[in-house]
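Report on the structure given below.
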Amino acid sequence: MNFKVAVIPGDGIGPEVVEQTVNVLNCVGDKFNHTFEYEYLIAGGCAIDEKGVPLPEETLEACKKADAVLLGAVGGPKWDDPNAKVRPEQALLGLRGGMNLYCNLRPALLYAPLKEASPLKDSIIGDGIDICVVRELTGGIYFGERGREEIDGVPGAYDTERYNVNEVRRIAKIAFETAMKRDKKLTSVDKANILETSRLWRGVIEEVAKDYPEVTVNHMYVDNASMQLVRDPKQFDVIVTSNMFGDILSDEASMITGSIGMLPSASLGEGKLGMYEPIHGSAPDIAGKGIANPLATILSAAMMLRYSFNLETEAKVIEGAVLKVLEEGYRTGDIMSEGMKLVGTNEIGRLVLEKIE
Ligand code: NAD
């Protein structure tokens with residue numbers, strides 16, 4: 001099959017990690033008889049330098065026409081002035097909004113060979129952690145009305161959380177579909193003892209659950225969920241939650257795996273088009289040194305194969321290859337520990353290719 005991939009390397013280590021990932025996609029293509037066609041586009045700081053805007057119109061248009069988007073990272077100290085009118089991060093919001101990507105999938109997977117990277121005790125981690133957080137991305141309090149006004153005679157401010165049933169239903173469906181591809185267990189996180197939007201959320205989850213009788217559903221208040229994530233993370237398979245709760249819980253879930261250079265993400269919308277990127281930033285402190293960990297981006301490409309192209313076997317081959325490289329003791333600096341073999345960006349990329357072949 002033939003797939004069109006829009007590639008946005010971005011800034012800092014973005015181009016380095018994306019290069020390794022494109023090599024991996026090509027290798028999978030050769031092995032399974034697929035062709036990936038790449039269109040390289042600019043966004044972020046490099047686009048500000050070249051075009052004066054973080055997200056040139058032609059970049060967004062090309063992304064919309066592609067089958068999937070692969071993004072490295074954007075940003076860096078050069079463009080960090082908080083008073084600047086244009087900032088690299090605006091590209092991310094523009095891409096998500098422009099492609100209507102309302103769902104953020106963030107797997108937090110702690111590979112057994114990287115156990116020592118987790119801040120949690122061995123007794124809690126067991127043989128690893130494997131959670132997928134499904135976060136609503138284009139609604140809720142981050143998008144509701146906000147402002148400043150006098151409250152009780154003194155200066156005040158307000159933000160508004162709003163959801164409609166369609167917004168909850170569509171994210172719920174993705175969460176249930178995700179659970180069906182995993183261990184068929186879904187935890188919906190809300191604050192239904194207090195918030196009306198959470199009660200609406202819970203009702204819709206219950207309604208959608210009827211279409212997925214094989215999935216076990218439980219509801220959890222967000223305060224409890226944040227405790228349970230560190231107390232007993234192994235109880236979770238898929239977590240679905242609103243924009244703000246998801247923002248916080250997905251970072252907490254990433255943290256317990258201890259390795260930012262390993263974690264991929266997907267932003268999805270109505271159709272098959274999705275945007276795939278590592279959760280880390282452009283790491284300007286190590287850019288150009290050949291030591292960045294490309295595995296988060298390579299694992300993002302595996303998600304691309306799974307969610308946009310429906311190529312589950314191929315996705316698993318990439319994930320298996322990454323695991324093998326780790327099991328054999330190869331590490332980039334960010335995940336290095338005693339007794340392991342330190343390698344750079346290109347070398348770890350090459351090792352992944354070797355395992356795939
Ligand atoms: P960061 O994720 O770039 O880096 C945090 C730390 O982790 C650094 O020490 C870095 O060297 C290390 N690190 C990150 N990814 C790594 C990798 N793949 N391999 C090895 N080490 C890695 O976060 P930051 O320093 O807060 O932000 C740097 C820039 O990136 C900022 O301009 C920020 O706005 C931007 N940013 C972009 C995105 C994105 O594009 N999605 C996300 C977060 C931050």
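Choose one of Leu186, Asn164, Gly147: the residue whose Cα lies farthest towards the positive end of the charge dipole of region 119-256 (beta-carbon charges +1 Lys, Arg; -1 Asp, Glu; about the Cα centre).
Going by the charge dipole, the pick is Leu186.
I want the local charge near Asn346. Using Cβ-Cβ distances under 9 Å, sum +1 for each Lys or Arg and -1 for each Asp or Glu among the other residues.
Net charge around Asn346: -2.
Shape call for region 177-247 from the C-alpha gyration tensor, a ≥ b ≥ c root eigenvalues: rounded (a/c under 1.5), prolate (a/b greater than b/c) or oblate?
Working: a/c = 2.03, a/b = 1.10, b/c = 1.85.
Cα axes put region 177-247 in the oblate bin.
Across the chain, what fraction of all alpha-carbon pairs, as a whole percent, falls in each successive 10 Å bin from zero upward?
5, 24, 33, 26, 10, 1, 0
Specify the residue with the greatest mean-square fluctuation among Ile42, Ile13, Ile286, computed from a Gaussian network of the chain linking alpha-carbon atoms under 10 Å apart.
Greatest mean-square fluctuation among the candidates belongs to Ile286.
Per residue of the chain, what 222 nm ellipticity follows from adding -39500 (n - 2.57) for every DSSP H run with n ≥ 4, rounded to the nearest 500? Numbers along the way, then the final one.
Numbers: 12 runs with 144 residues, N = 357.
Computed ellipticity for the chain at 222 nm equals -12500 deg cm²/dmol.
Using only the Cα atoms of region 128-192, what are the Rg and Dmax in Å?
Every Cα atom of region 128-192 included, Rg and Dmax give 16.9, 54 Å.
Taking every DSSP beta bridge with both residues inside the chain, roughly what % is antiparallel (nearest 5)?
Bridges in the chain are about 45 percent antiparallel.
Name the most mobile residue of Pro233, Pro82, Pro107, meaning the one with the largest mean-square fluctuation, in a Gaussian network model of the chain with Cα contacts below 10 Å.
In this elastic network of the chain, the residue with the biggest mean-square fluctuation among Pro233, Pro82, Pro107 is Pro82.
Kirkwood hydrodynamic radius, region 119-256, all distinct C-alpha pairs: what's the number in Å?
Averaging 1/r across every pair of different Cα atoms and inverting gives 15.9 Å.
Rounded, prolate or oblate, given the Cα gyration tensor of region 1-126, with a/c below 1.5 counting as rounded?
oblate
In region 119-256, carbon and sulfur make up what percent of the accessible area (probe 1.4 Å)?
Result for region 119-256: 51 percent of the exposed heavy-atom area is carbon or sulfur.
Excluding ligands, DNA and RNA, what is the solvent-accessible area per residue of the chain at a probe of 1.4 Å, expressed in Å²?
Per-residue accessible area for the chain comes out at 44 Å².
Taking only Cα atoms and a 10 Å spring cutoff, compute GNM fluctuations for the chain and point out the largest among Asn218, Asn166, Asn243.
Answer for the Gaussian network model of the chain: Asn166.
Within region 146-255, list the GluC sites (Glu not before Pro) lying in a DSSP loop whose Cβ has at most 16 other Cβ atoms in a 10 Å radius.
Answer in residue order: Glu214.
Find out how many positive minus negative residues lie around Glu270, taking Lys and Arg as positive, Asp and Glu as negative, among other residues whose Cβ is under 11 Å from that of Glu270.
Neighbourhood net charge equals +3.
Can you list the residues of region 165-183 with backbone N under 14 Å from a point 7 Å past the Cα of Thr313, pointing along Cα to Cβ?
Those under the cut-off are none; the list is empty.
The values are calculated or read from the model by the stated rules, or taken from the named source; none is laboratory data. Since this is a predicted model, take the numbers as computed values, not measurements. Cβ coordinates were reconstructed from backbone atoms using ideal geometry, including for glycine residues, and neighbour counts include every protein chain displayed. Areas reflect the complete protein model, heavy atoms only, side chains present, ligands, DNA and RNA absent. Shrake-Rupley method; radii C 1.70, N 1.55, O 1.52, S 1.80 Å.
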